[in-house]
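Nothing in this text is a laboratory measurement; each read-out follows from the coordinates by a stated rule. Everything numeric here is computed off the predicted structure, so don't read it as measured data. Virtual Cβ from ideal backbone geometry, glycine too; neighbours counted across all protein chains shown.
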Amino acid sequence: MSGDHAVPDPAVSLERLRAAVALALREHIDVVDPLARLCQACVQLLPVDGASVSLMTGTDQRETIYASDAVVDHIETLQFSLGEGPCFEAFTTGRPVLVTDLAADAATAWPVFAAQMADRPVGAIFAFPLVHGAARVGAMDLYRTRPGWLTPPELAIALQVADIAAAALIGPPAAGPGAEIDEEWLASLPFHREHVHQATGMLIAEHRVPAGQALALLRGYAFATGRLVDEVAADLVNRRLHPREIAQ
């Protein structure tokens, strides 16, 4: 994370990020670009190698809005597929989850996630809930290739970035701490897991089970076959796999 280039001033960079998000909200323009800049700023300002921002309305409803690279995108996809990991814990508890040594720390808290991450270039993961007032709107994941801590000043920067990301996801008008997600704004965000929702619907129809159980069936089949939920869902939607093959 070090180099010959000048280190950006965190205060200036954070203020620019706030301004970009405020403009996106005020003008109702695409929020993905400010979130991309936000993730890029994390890599510039913090000793991390990648970042992602996800919209979450529950542990079964999660959409990655932006991932800075393939590694963090896999972190996001794997956690959704398994239904466990630091991001889920951060969202559920409303507190940051700092995994400073993934190989050692995650094996106890999320053994399946840790096992499937063993061959990936990830030494530490830092997950932050995205909270606006009383509303939890998502989570932000940061990773680094080598184990290590965030210092108190670095943690403070990460928390400020998380606040900016939460403001972006809450959408206009974001008026005050009691604001809720704007449904129209929500619908305008880019979603990438439509096939998962379609596959869940197919399992609901086939097995006559609630949505939560249908997703659990999908996750269970993916785990048993050593695949990701997204891959199994794509096979269901494209008729390469019949819903009855996903047994209860």
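List of remarks:
- Taking a Cβ cut-off of under 10 Å around Phe126, the surrounding Lys, Arg, Asp and Glu residues balance to a net charge of -1, with basic ones at +1 and acidic ones at -1.
- In this structure, the amide hydrogen of Asp69, modeled 1.01 Å from its nitrogen in the peptide plane, lies closer than 5 angstrom to those of Ala51, counting only residues at least 5 positions away or on a different chain.
- Taking Glu231, Glu63 and counting other C-beta atoms within 10 Å, the order from fewest to most: Glu231, Glu63
- Under 5 Å, built H, 5+ apart or other chain: amide partners of Leu150: none
- Residues Arg16 and Glu194, FRET efficiency given R0 of 30 Å [Cβ-Cβ distance, rounded to 0.05]: 0.35
- Protection proxy ranking, peptides 235-243, 89-97, 135-143, average beta carbon neighbours within 10 Å, highest first: 135-143, 89-97, 235-243
- Stretching the chain fully between Arg146 and Ala118 yields a gain of 8.8 nm (0.36 nm per residue, less the alpha carbon separation).
- Nonlocal amide H pairs with Thr145, under 5 Å, H built at 1.01 Å: Asp49, Gly123
- With the simple spin-label model, which puts each label point 7 Å out from Cα in the Cβ direction, the Val32 to Thr100 separation comes to 3.7 nm.
- Couplings 3J(HN,Hα) for segment 202-210, derived from phi with the Karplus relation 6.51 cos²θ - 1.76 cosθ + 1.60 (θ = phi - 60°), are 5, 6, 4, 5, 6, 9, 6, 10, x Hz, where x marks Gly and Pro.
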